[in-house]
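K.L.:
What follows is a single structure, and I will ask about it in a moment.
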Amino acid sequence: MLTTQLLNPGSIVVVGGSADTGKPGGGVLKNLLAQGYAGKLYVVNPKSAEVQGVRCYPSVDALPGVDLAILAIPAAACVDAVEMLARKKNTKGFIIFSAGFHEESEAGARLEQQIVNTINETGGSLIGPNCIGVMNTCYTGIFTGAIPPLSPQGVDFITGSGATAVFLVQAAGRFGLPFAGIYSVGNSAQLGVEDLLAHLDETYVHGQSAPVKMLYIESIGNPQKLLRHALSLHGKGARIAAVKAGSSQAGSRAASSHTGALASPDTAVDALFRKAGIIRCYGRTELALTAGLLLQPLPKGRNMAIVTHAGGPAVMLTDVLSAGGLHVPPWEGEKVRALLGKLHHGASVANPIDYLATGTAVQLDHILDACEHDFADIDAMAVIYGNAGLTEVESTYSVLLRHMTTSKKTVYAILPSIHNAVSELPEYVKHNRIVFTDEALFGHTLVNAMNQQPTVGNRSDARPCVATSDIPGEVQPRPNTCNVPNALPDGYLAPGEVQALLDAAGIARAQERVVVSPDDAVQAAGELGYPVVMKVVGPVHKSDVGGVALDIQDDAAVRKEFERMMQISGVTAVLLQPQLSGTQLFVGAKREPGFGHLVVCGLGGIFVEVLKDVSTALAPCSVSEALQMIRRLRGYKIIQGIRGQEPVNEEAFAETIVRVSQLCAAVPEIAELDLNPLLAAHNKVTAVDARIRISSI
């Protein structure tokens, strides 16, 4: 919970306030004064009577009641100060700059917990410790020197790294990104990124609240909370861009299934962001540019007009957009000729539209009017306009700003002349318009935002039910009132148990027989019908030990393969199936701590093992989410059917993905699940091989 006293305090005390603005206690006091904090301001400093024109108190117990305390004192002194402020001065908001807590030692962790306990018991809110502070349109409780423009219609930024906030704000200042609030959570002792996002969600009013949220996250403590509130914000009209740092792994984790090898904590983050409608970025500049981009509505479609008075930048932007799946459609016809008649001789309107270095603001106005009204296939316009020194730029900027405000199609401005137009750009920025200075960087940012639209799907999608009463194991009632297993044995399930789980989930599978004698093998083959496939039971990776035999045609071959397979180390039985054919597919799932189950799909066989061409989503999946997973695959054209190959029934493939996600919900003990291969033939999808590992931990 974020208290009003933290967000909109009527009074603030800086404990450890200083005349030295190079220290945190001096820097924050300077910022509060410089930005015109309107409430009562106090300082605690036993060595001075006055600091920066503000009266000093010798100790916190000498203070009157105060809403917000900003602490810039040693860690060991914070405990008593918080105790006094919280219990005696009715302080409900705390920002602690000080380091030396759980990030440093066990002793520091104990101090931190004491502080949190006190603040929790008295109903307060804590930002930090080990942070740079908070700033919003009420006050600038931050000790660094980077104070950006603040506007209620700017961007909210929540960060786990104070240094990242400082560097990003400095970078954002170059292109005019406005901020509504910055929250540096530091150690997140009481309030973390998810808690701040929850508050921004619960208080969000579209048209009044900051419409864009930026996140810098190093660890996601509560993925489901992040997902819930990000989805809620997205549904209300807000947009979120985030950097999740710490994605690399020092070493590979041992994994015994394809899914275990392909699904990692970072792919879980990708899936979480995709489901939540969070646009993932990988650096400060990309994050800030994306936030600036999102301050305008994204195009409703993928067709772009590029308007320029310089050919080279337009070519580079066209290349970037085209490579990212956006289109720059060519134009021709009477309306094109009419527009050309309004431009200088030598101009081109084929798209990109080059109206030459001598082009005027009036001509740009004509072009943007035509893009808005005459070319129905255009969804947005990107205008590249630099100052070549031939014309003044103010009137052109005025035209751009007017069309940005009135056009029903989004207009983006790329203004590369940061030196030649240095006196004009500040006026442009005053209108809360971000300055893109590089056309290729703008193009990459737009492509990333367009291609990372949420896959939340239609929540009314009917999801197949899992017949939990048919699941094997010791059955006991669970809180969801369904009968699901209370205890399945840890480790890989036996074939019969796997079959029962697939049947309970309604996943189509090949007929199987498990045999322990050659006579039983021959009988099973006869029942299944030749040709058959034989596989060992026991080893996890059957093909690696020579435990798979295909296209077995007669009884003699069955006996021969049975005898050979039973000699392989670790084999306990042999499994027989009818020989099937079709396009090989793959569906898997892996339980990722905190995130739930990560569902993976792709083409089977070498496409999984070598090319690692897979899509991921967090369970549960809707049908529309599953279809989007399938269509993101690089090998999607194979699924569509190529060179006479029968196409895969995408709906059947998607249904299998959904059923796997529902099975994981019914049996949360599933640690890893592989259906590889699934065979797609005759308009259906059939599981040929399945592995399920159970872990109660």
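All of the numbers you see were taken from the coordinates with simple rules; none came from a lab. Note that the structure is a prediction, hence the values are computed from the model and not measured. Glycine gets a Cβ as well: all are built from the backbone with ideal geometry, and neighbour counts include every protein chain shown.
K.L.:
For segment 276-294 and segment 1-36, compute the distance between their C-alpha centroids and round to whole Å.
P.N.:
That distance is 29 Å.
K.L.:
Right, next: Assign unit charges at the C-beta atoms only (+1 for Lys and Arg, -1 for Asp and Glu), then state the dipole size of the chain relative to its Cα centre in Debye, rounded to the nearest 20.
P.N.:
Roughly 1280 debye, rounded to the nearest 20.
K.L.:
Could I have the simple spin-label model distance between S59 and Q567, label points 7 Å from Cα toward Cβ, reported in nm to one decimal?
P.N.:
8.8 nm
K.L.:
I'd like the FRET efficiency for S322 and Q453, computed as 1/(1 + (r/R0)^6) with the beta carbon distance as r and R0 of 22 Å, rounded to 0.05.
P.N.:
The value I calculate is 0.70.
K.L.:
Distance from the Cα centre of segment 170-185 to that of segment 80-151, in angstrom?
P.N.:
Answer, in whole Å: 21.
K.L.:
Let me ask you something else. Run the quick spin-label model on L298 and S219: label points 7 Å from Cα toward the beta carbon, then report their separation in nm to one decimal.
P.N.:
3.1 nm
K.L.:
Still on this model: Which of the lysines could be linked to K89 by a straight reach, that is with a Cα gap under 21 Å, when you skip same-chain ones fewer than 8 residues away?
P.N.:
K40
K.L.:
Considering the options G506, V558, G547, tell which one lies farthest towards the positive end of the dipole of the chain, charges being +1 on Lys and Arg and -1 on Asp and Glu at the Cβ, about the Cα centre.
P.N.:
G506
K.L.:
Check each of the chymotrypsin sites (Phe, Trp or Tyr not before Pro) in segment 538-621 and keep only those in coil by DSSP with at most 10 other C-beta atoms within 10 angstrom; list them in order.
P.N.:
Answer by residue number: there is no such site.
K.L.:
Next up: Excluding same-chain residues fewer than 8 positions from K300, which aspartates and glutamates have a Cα within less than 13 Å of its Cα?
P.N.:
Qualifying aspartates and glutamates at Cα under 13 Å: D377, D379.
K.L.:
Among A109, V44, V82, which residue has its Cα furthest toward the positive end of the charge dipole of segment 1-139, with +1 on Lys/Arg Cβ and -1 on Asp/Glu Cβ?
P.N.:
The one lying farthest along the dipole's positive direction is V44.
K.L.:
For the chain, how big is Rg over Rh, using alpha carbon atoms and the Kirkwood form of Rh?
P.N.:
Here the Rg-to-Rh quotient is 1.07.
K.L.:
How many nm separate the modelled label positions at H206 and R87, each set 7 Å beyond the Cα in the direction of the Cβ?
P.N.:
It works out to 4.8 nm between the two label points.
K.L.:
OK, next. Counting other C-beta atoms within 10 Å, and keeping those with at most 10, which DSSP coil trypsin sites (Lys or Arg not before Pro) do you find in segment 335-420?
P.N.:
K408
K.L.:
For n ≥ 4 DSSP H runs only, could you compute -39500 (n - 2.57) per run for the chain, divide by its residues and tell me the 222 nm figure to the nearest 500?
P.N.:
Mean residue ellipticity at 222 nm (helix-derived): -10500 deg cm²/dmol.
K.L.:
For segment 362-415, run through the GluC sites (Glu not before Pro) and keep only the ones in DSSP coil with at most 16 other Cβ atoms within 10 Å of their Cβ.
P.N.:
Here the GluC sites (Glu not before Pro) that fit, given the DSSP loop and packing criteria, are E392.
K.L.:
Turning to a different aspect of this structure: Greater than 27 Å separation of Cα atoms is the criterion. Which listed pairs, K23/K244; K342/K409; K23/K430, meet it?
P.N.:
Over 27 Å apart, Cα to Cα: K23/K244; K23/K430.
K.L.:
Hull surface divided by four, with the convex hull built on the Cα atoms of segment 304-451: how many nm²?
P.N.:
If you wrap the Cα atoms of segment 304-451 in a convex hull and average its projections, you get 8.1 nm².
K.L.:
Which one of H229, V399, A241 has its Cα pushed farthest toward the positive end of the charge dipole of the chain, where Lys and Arg give +1 and Asp and Glu give -1 at the Cβ?
P.N.:
V399
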